[in-house]
Each structure stands twice: as structure tokens, then as C-alpha cells.
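The values are calculated or read from the model by the stated rules, or taken from the named source; none is laboratory data. As the structure is a prediction and not an experimental result, all values here were calculated from the model. Note: ideal-geometry Cβ built from the backbone for every residue, glycine included; neighbour counts use all protein chains shown.
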Amino acid sequence: MNDWITYFEQSGETESPSYKDTMAFFSRLEEKTKMAKLISLGTSSQGRDIKCLVAAKGNHFTPQKAKRSGKAIVLIQNGIHPGEIEGKDASMLLLREILITKEKKDLLDNLVLLVIPILNVDGHERLSPYNRPNQNGPRMMGFRTTALNLNLNRDYMKADTPEMRALLRLFSTWLPDFYIDNHTTNGVDYQYNLTYGMEKHQNIFGALSKWGQEKFIPHIKAETEKKGFLSTSYIELIRKELEQGFSDWASRPMYSNGYAALQNRLLLLIETHSLKPFSNRVYSTKAMVESSLEFINNNYKELKKINKQADRETIKRYAEGKTSFPITFQGTDEFSLIDFKGIEYKTEESTITGSVIKRYNGTPVDIQVPCYNKVEVTKRVKLPAAYVIPAEFKDIISKLKLHGIKVDTLKENSFLTVEQYHFTDYKFAERPYEGRQRVVVKCETIPVKIEFPSGTFIVNTKQRGIRLIANLLEPEAPDSFTSWGFFNAFFERKEYAEDFVMEPVAQGMLGEDPQLLSEFETRLRDDEEFRQNPQERLDFFYKKSVYFDRRENIYPIFRLMEKIQPS
Ligand SMILES: [Zn+2]
């Protein structure tokens, strides 16, 4: 047992091991027990191996064997934000109790565990005591982003990083029944040791939300409290002050919790409180992860049944446009008052800020706080039978496959009646976000009949990834490929007409078309700006001429409303 004292324990519970020392511990677990196997998920930008420990009884170390075993597969992820690393140290302590001392080996009766010690391995090695100004230890901590300065917990949909691609491959091959993502959060001071988040609004299958909110959360909250740690729902302030309330709305799919909802799976987001000492954060994380595993171990059949039901019924409900799919959400101004265990503070004038600043005094205080917890669907879309994707969009196809989406191809040239989206309005972000120039679009469909060559990709919506397909391929979805700027080139004008060439063409068009003439005259009369703008006036004709590029501002992926017979 003395051989198994962790680095965290040896350090007097103030430090967390390096990548190298962490991997050495996990390799030793694999060596010393038959119940563990270390697999490689892929390589980071700087060339580090991203590993995952599979802990299972009965040799269930492959996705096929694990699925066939009928057990629940649980993914525990640490270090997506490596500065927030206590999940890693908690996992090491817990795995020791399951695999080495075996006091908790019963947890593997009905579970196959996948434990990622560190997801953002490069960020983990960018060490400093100063990486998180609001955080109380460990002595040295990693940095939030990857070596390419990207935040992995914004990369779930666009999958720009090798780390996220490795994770998505793991997810789609193992298809976990439950997902735990460990973090640390800052913000206001309060008594709670940790906060938790779990999707529950219209972005997740109803029965999953119900199981999570009515069975899972009350259980783990009570059990974690029995172990000495207070918890409450994740705090996202509405404005600057806690007293103004916090929101509990649907998460966007670029985050782990919003993403899991699209995969029809529950994710428990654990956020310890950064002002609590590192040691306390390790043990509170361990307590909550442990309680979660106990509950799932005891209720694995029920959870797996609901997951299956979610996969089946989501297809039934949304494939082929039977029910419109909710694509955008917005929190409402409805709230309920909740009891909150705060910390007393007073405000003081600051000569630094020239304003007031909070001074917490450490005294517990029970207050009531508004919690905004209602969400409305702001846009629904009827989904097609399939999306038709021209062969040139190979990187879109490879990303769809990473997400576990099945893609077919046309075997012969085919005339298809499809819908095409025109971007009727669009606004580009002024600054880059996560290395991309985002765009918010509005679109309208028009029906067209087009001959597609053999080799064109077909993505049928009748598959378990239907929520993901809709969120990636419907342009107006907030984390679609369009919103993330994958199609920005299609908003650009690529060909121009000289005015001395276009003007005679315009004269000719007017001479041939009296209706065009009257339209032009009306516009001249009613639209002052137009009248004063020579380029706009010429453009009026150019856009209607045979020379205009009909693909400008057109989404290059098509919607096939009626299913075709595969040939
Ligand atoms: Zn985080």
C-alpha cells in the first residue's frame, strides 16, 4: 500500500504530479492489476500521448466487449482545463481504492470506467504558480488552453484541435452511458465546496432530464454532503452581483455538457470552488465522483434503458421532418427564489478602481437569490430526410465521422429535388473567437432540382446522431459549421464587372424588359441612398444579369426532403 501513496499525498496535499509522473502512476496501475488497461487516444499538438485508463472486470477492455457486457460505460474526464486539475488527483485516489486496495472494487460490478487523467496534456505542462489568479493551489498549475491557444471546452463541435478529435473518437467508438467532466470555478465567494451542472431543458431528451434531476442529482447531492461537502447548482451570474441572480439555462453544444445532450447522454459537470484549498477540492471531487459511480452502479440497467429510449425516440420524433427540431434557445426572465449559503461581505471605496470593491469577511450567511431557470425555444426547423454534401467538402465529412455520424455516397449521377438555403442576412464577428471568425446568419429555403455526381455525400437524418447532424449542418444553429466560419468564403463576391462593360448590358436589359424598367424607376424614386450610389445602381442590373454568380450567399449543402432509395 505504501507504494501507492500518490504524489498529491506525498506533497502534503498541496501539489499535483507532472504529466510524466501522472503517466507513470497510470502505467503502474495497468501493470499491477488485471482490471486495468491503458489506451492511447491520440497525440497533442506538441506530441504528447493522450491516455485513458479502462478499468473493468472480465476483460471488457474494448468498446465491443464493453458494450456486449451490458454494463454501463462511464467516462471520467480530467484536465480539459489543466489549471483545474483536482479531478486527476481525485481519480488517482479513487482508482487506487478500486484496483489496488480493492475496497471499492464492487463499483466495477456493473460499470466499465474510462478515466482520462489529463485531456489537455500540453496545457498541463505550461506550469506556473500564477496561471489562475482566483485559485487557492496547487502550488504549480497548468494553463487553460492548448499549445495552439485554443480552449478545448469550446471545441466540441468544430473539433479544430487534435486533443478534441482524440476525445470525439473515443466518445463515438465507446459511446459512454454517462460522462463526468471535472473543473474548478471562480466568481463569488460562498460556502459550497462544489457546484454541479446537468442539462435539463428542451435541448436534451425529456426522460434523461427527468432521471438526472429527480433521481441522480438529489442522490449525489445528499451523499456528497454526508461526506462533508456542500454543493449546489452551478452559478452563472446574470449580471455582476450574486444578489441579481444567476442563470440555469441550456448549454451550447460547444461545451461538454451541451455536447453530451446532443449525444443523448447525461453529463455531470463538477465545478469545485477555486477559493477552497486544493486538498479540499480534491476530496470534494472524489466524494462527488464516487457517489455518482455508486448510484450508476446500482441503477445501471435503468440508465441504459433510458439512453436507448432516447436514441430510438429522438430519431422517431425528428427524422424526416415529422416534428420540428429546436435549434436555438433563450433564457426567459422567469425565476424562482432559492436558498443560498453565501459569505458576508461589505463594500469599500477603492483608490485603485475609483469605485467600490467587495471585502468578504468569511462569515456564513443564508440568503435568497433569484435563479433564472426557464428556457424558450426561439427557432425550430423541420429536418430533411438527408443532407446532400458535395464531394469537395471532405473536411466537413471527416468531422461528421468523428462525431460518430454515418455518411453514405451517391453511387451514380442523380437528379434530386432539394432545398437550398440563401443567406438573407448575416453579421460577422468583429474579433476572432477561438481562432475563428464567427458569423450569425438568417436563411430562407428555395427548392431546386440539381444533378449531383456520383461520389456526392449523403447524410441521412435517420440515425442516432440526429441532434448533432441538425446542430452541425443547420446554418442558424449557434455551433453549426456555418456559425463557426467554415463557409465564410461563400459570403464573398469573387467576380466583378467593369462599369463600362456592365452599363451597356444594363441599357440592353432595360430595353428588353419593361417590367425591369418600372422596377428601376420605382427604386430611383423611393430610395434616396440607391439614387445617390452609382455602384449600387449598376449592381441592381448586375445581380439580375447572366453574369452574376448565383452561388454568392448560398449555403453549399442541400436538404433532401424526400428519402431516396439507395442505389
Ligand atoms: Zn473549467
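Within the range 490-536, the set of residues being over 24 Å from D425 (Cβ atoms), assigned to a loop (DSSP other than H, G, I, E, B) and in contact (Cβ under 8 Å) with a residue 40 or more places away in the chain comprises A497 only.
Would you be able to say whether some residue in the range 175-191 is within 16 Å of the ligand (Cβ to nearest atom), under 19 Å from I405 (Cβ atoms) and assigned to a helix (DSSP H, G or I)? No, the range 175-191 has no match at all. When I405 is tested against (1) touching a residue at least 24 places away in the same chain (Cβ under 8 Å); (2) not in a loop (DSSP other than H, G, I, E, B), only condition (2) is not met. Restricting the first residue to the range 301-314 and requiring it to be among the polar types (S, T, N, Q), which pairs with a second residue that is buried (at least 19 other Cβ atoms within 10 Å of the Cβ) meet a Cβ separation below 7 Å and a spacing of at least six or different chains? That search, which allows pairs on different chains as well, returns N307/D177; N307/N264; N307/R265; T314/F205; T314/N264; T314/I466; T314/R467.
The residues on offer are F178, F246, F205, and the sole one that is more than 17 Å from I76 (Cα to Cα) and either basic (K, R) or touching a strand residue (DSSP E or B) at 6+ places or on another chain (Cβ under 8 Å) (or both) is F246. Looking for whichever is assigned to a strand (DSSP E or B) and closer than 30 Å to E562 by Cα here; the options are R317, R359, R380. Which one fits? None of the others qualify; the one that does is R380. The lone criterion from (1) modelled with pLDDT of 95 or more; (2) outside the structural domain of F487 (by TED's automatic domain parsing); (3) not polar (S, T, N, Q) left unmet by P556 is number (2). In the range 271-294, the residue that is farthest from G12 (Cα to Cα) out of those that are in contact with an Asp or Glu (Cβ under 7 Å, 6 or more places away or on another chain) and crowded, with 24+ Cβ neighbours inside 10 Å is T272.
The condition of being within 21 Å of I270 (Cα to Cα), over 25 Å from the mean Cα position of the chain (by Cα) and not basic (K, R) holds for only one of L75, L108, L94, that being L94. Scanning the range 95-116 for residues being within 29 Å of A147 (Cβ to Cβ) and away from the ligand (no atom under 16 Å from the Cβ) gives a total of 4. Scan the range 408-430 for residues that are surrounded by 16 or more Cβ atoms within 10 Å (Cβ to Cβ) and more than 19 Å from K382 (Cα to Cα) and jot them down. L410, S414, listed by residue number. The single condition among (1) within 16 Å of the ligand (Cβ to nearest atom); (2) modelled with pLDDT under 95 that N59 does not satisfy is (1).
Which of the residues that make up the range 221-262 are farther than 20 Å from M288 by Cα and surrounded by fewer than 16 Cβ atoms within 10 Å (Cβ to Cβ)? L237, R239, K240, E241, E243, Q244, listed by residue number.
For T522, indicate whether it is among the hydroxyl-bearing types (S, T, Y) and within 30 Å of E412 (Cβ to Cβ). No; evaluated as a whole, the condition is false for this residue. Just one of the listed residues (G123, G79, G87) is assigned to a loop (DSSP other than H, G, I, E, B), buried (at least 24 other Cβ atoms within 10 Å of the Cβ) and assigned by TED's automatic domain parsing to the domain that holds K286, namely G79.
Regarding R132, is this residue in contact with a strand residue (DSSP E or B) (Cβ under 8 Å, 6 or more places away or on another chain) and within 15 Å of the ligand (Cβ to nearest atom)?
Values: in contact with a strand residue (DSSP E or B) (Cβ under 8 Å, 6 or more places away or on another chain): yes; within 15 Å of the ligand (Cβ to nearest atom): yes.
Spelling it out, R132 is indeed in contact with a strand residue (DSSP E or B) (Cβ under 8 Å, 6 or more places away or on another chain) and within 15 Å of the ligand (Cβ to nearest atom).
Among the conditions (1) surrounded by fewer than 24 Cβ atoms within 10 Å (Cβ to Cβ); (2) in a strand (DSSP E or B); (3) touching a residue at least 60 places away in the same chain (Cβ under 8 Å), the only one that I39 does not satisfy is (3). Residues of the range 141-158 include at least one that is modelled with pLDDT of 95 or more, away from the ligand (no atom under 16 Å from the Cβ), surrounded by 22 or more Cβ atoms within 10 Å (Cβ to Cβ) and in a loop (DSSP other than H, G, I, E, B). Residue-level analysis places G511 outside the set of residues that are closer than 30 Å to D311 by Cα and surrounded by fewer than 15 Cβ atoms within 10 Å (Cβ to Cβ).
Close contacts from the range 162-186, counting a first residue that is without any contact (Cβ under 8 Å) to a residue 60 or more places away in the chain and a second that is within 14 Å of the ligand (Cβ to nearest atom) and among the charged types (D, E, K, R), with Cβ to Cβ under 6 Å and a gap of 6+ residues or different chains, come to M164/D155.
Of all the criteria given as (1) outside any helix (DSSP H, G or I); (2) modelled with pLDDT of 95 or more, the one not satisfied by L472 is (1). Filtered by the rule that a residue be surrounded by fewer than 19 Cβ atoms within 10 Å (Cβ to Cβ) and either in contact with an Asp or Glu (Cβ under 6 Å, 6 or more places away or on another chain) or outside any loop (DSSP other than H, G, I, E, B) (or both), the range 387-402 gives K394, D395, I397, S398, K401, L402.
Listed residues K341, K316, K308, K322; which is closer than 30 Å to K227 by Cα and charged (D, E, K, R)?
Values: K316 fails: closer than 30 Å to K227 by Cα; K308 fails: closer than 30 Å to K227 by Cα; K322 fails: closer than 30 Å to K227 by Cα.
Unique residue meeting the criteria: K341.
Taking the range 191-209 on its own, how many of its residues are farther than 24 Å from P478 by Cβ, hydrophobic (A, V, I, L, M, F, W, C) and in contact with a Ser or Thr (Cβ under 8 Å, 6 or more places away or on another chain)?
Restricting attention to the range 191-209, the residues satisfying the condition of being farther than 24 Å from P478 by Cβ are 191-194, 207.
Restricting the remaining residues to those that are hydrophobic (A, V, I, L, M, F, W, C) gives 194, 207.
Going one step further and asking which of them are in contact with a Ser or Thr (Cβ under 8 Å, 6 or more places away or on another chain), we end up with 194.
Here the count works out to 1.
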